[in-house]
Each structure stands twice: as structure tokens, then as C-alpha cells.
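Computed from the coordinates by the stated procedures, all read-outs in this text should not be read as laboratory data. Note that this is a predicted model, so its numbers are computed, not measured. We place every Cβ from the backbone using ideal geometry, glycine too, and count neighbours over all the protein chains shown.
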Amino acid sequence: MHSGSILVQRLLRYGFWIIIIVLLAGLGSNISRRVRAQSEATATTVLVESVTKPDGRRTTSLTYTYAVRSDGSRAIIASAPASHPEYDNRMLFFASGDRVDIQDTRKLVCTKPALRGAPGVAVSYRRNPTANCMTDGETALGPQTIGKYRAMGITSPGHKIWYALDHGCAMVRERFEFADGVVSEKTLLTLIPGEPDPALFEVPPTYTEVPPSVLALYPGQSRTPWQIWRDEEYTKRLAATRPAMAAAH
């Protein structure tokens, strides 16, 4: 009777630890799945743009980096050849709704704060892999493989774009066909899963704050009426949302 009681106690004790081990294993598995899911929901892609003229001549223009953070913030970086540094540009769309355009070569920044109550642009435009990366009204080209990645192609007149289904709808290819016969195509160089490099979203505090037209114009160029209107709206919004910045500007 006594030996039987000891056996039962041992079984209960071992059973308790087995349950703990199973629970911990399940917890670890869930954490691993969550980490993997977060990694797959964020990615950085690098694409190179080539332009083909109607006569067949083909040139390589800019290299683009697209990065998506887990909070929905997006970065689009255009990197130009060394001969044309003026084309370098970083466009940051934060989940807060703020947009910041940066030219690192000229150390210039243009801040466009979110309007109060407006949803973050980055979040509102974020695509959902479970919906095949499509939004209402879009036409699917169907699933394809771009490089080694499953992708969904979407088409509209003169425009086709492909998003990676397993990496948060990161863009992996894009093609524009213009009415004059020119074709612009971005092809994938690299896809890096996971949270992007924080440096891509950094806004250096020492850069000079300027209105939008300054980033768009070359020396000697004059503002168009539309650019004048944009600069005025920029000044009003900055004064309403960032008075200290507006006063310094």
C-alpha cells in the first residue's frame, strides 16, 4: 500500500513537470511564431530602375529602397548615380501621419505634419497579405514567383506592380508603360526580411527645414503657381501643428 502510494506520488510529480515542460514548449512555440510573423510582416527591398526608349535603347537610372516597419511606417529612398546626387531623396511616411522628405546630399528636410484626427498615411495605405495584397477596385494579374518569392501582381492601365505575399506585401517589381512607348521597370535586387535599419527613418536634427519647392527646384528655376500654393499650405500647416519649427523657419 505504501509502495503504491509512493508510485502514485512520483507519477503525479512527473506528470506535473511534464505539463510544465509542454506548456513552456507551447509558449516558446507561440513566441517563435509571433516573432516569425512580425519578421514576415516587415521587410526592406532594393530595386533598380531601367528605362527603355521606343528605339530599344535601355538605360539604368535610380536605385530604390522600400522599407516597412512593424508599426506601418514606410520609407522610400531614391539613390542616384554619383554623377547626379541631386536626385537622391528619402520620403518617410510615419504611422503618426507625419510625412518627411529629406535630401541627405544637400542636408535639407521638409516636414509635413499630420492633420489632427487624420489617420496615418502609412497605416491607411498598408496592404494586407491575407487579402492577396489587394485593395478594393484593383485587378489581379494572379500569383507569380518573382525571384524566389511568392508574389501577387496587380494591374491598372499602363501600370503593373507585384507584392511579396510572405513578406508584408513588400514591393518586388513594378512596370510603367507610357503612351509615347517608353517603358520604366523596377526589378528586385535584394529582399531583407525583418525590421528595417532604423537609420532609414532617421531625421537628422541639424538639417535645414525648407518648403517643398526647394527640394524640387534646381538653382535658377522659378516656382510654378502650383508650387507657390503648396509652399503656402506647408507654411500654414507647420504653423498650426509645429509653431516652434514654423517660427524658426
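If each residue's Cβ is checked for other Cβ atoms within 10 Å, how do R173, R57 rank with the fewest at the top?
With the sparsest Cβ surroundings first, the list reads R57, R173.
So if we plug the beta-carbon distance of A240 and D71 into 1/(1 + (r/R0)^6) with R0 = 22 Å, what FRET efficiency do we get, rounded to 0.05? Present the calculation step by step, with values, prior to reporting the outcome.
Numbers: r = 25 Å, r/R0 = 1.12.
It comes out at approximately 0.35.
When we measure straight from the Cα of K53, which lysines land under 21 angstrom away, once same-chain ones fewer than 8 places off are left out?
Output for K53: K160, K186.
Identify the chymotrypsin sites (Phe, Trp or Tyr not before Pro) of the stretch 167-249 meeting these criteria: DSSP loop state and at most 13 other C-beta atoms within 10 Å of the C-beta.
F178
So if each residue of separation counts as 0.36 nm, and I subtract the Cα-Cα distance between L189 and T130, what length gain in nm does that give?
18.7 nm
Say each of K53 and K148 gets a label point 7 Å from the Cα, pointing the same way as Cα to Cβ; how far apart are those two points in nm?
3.8
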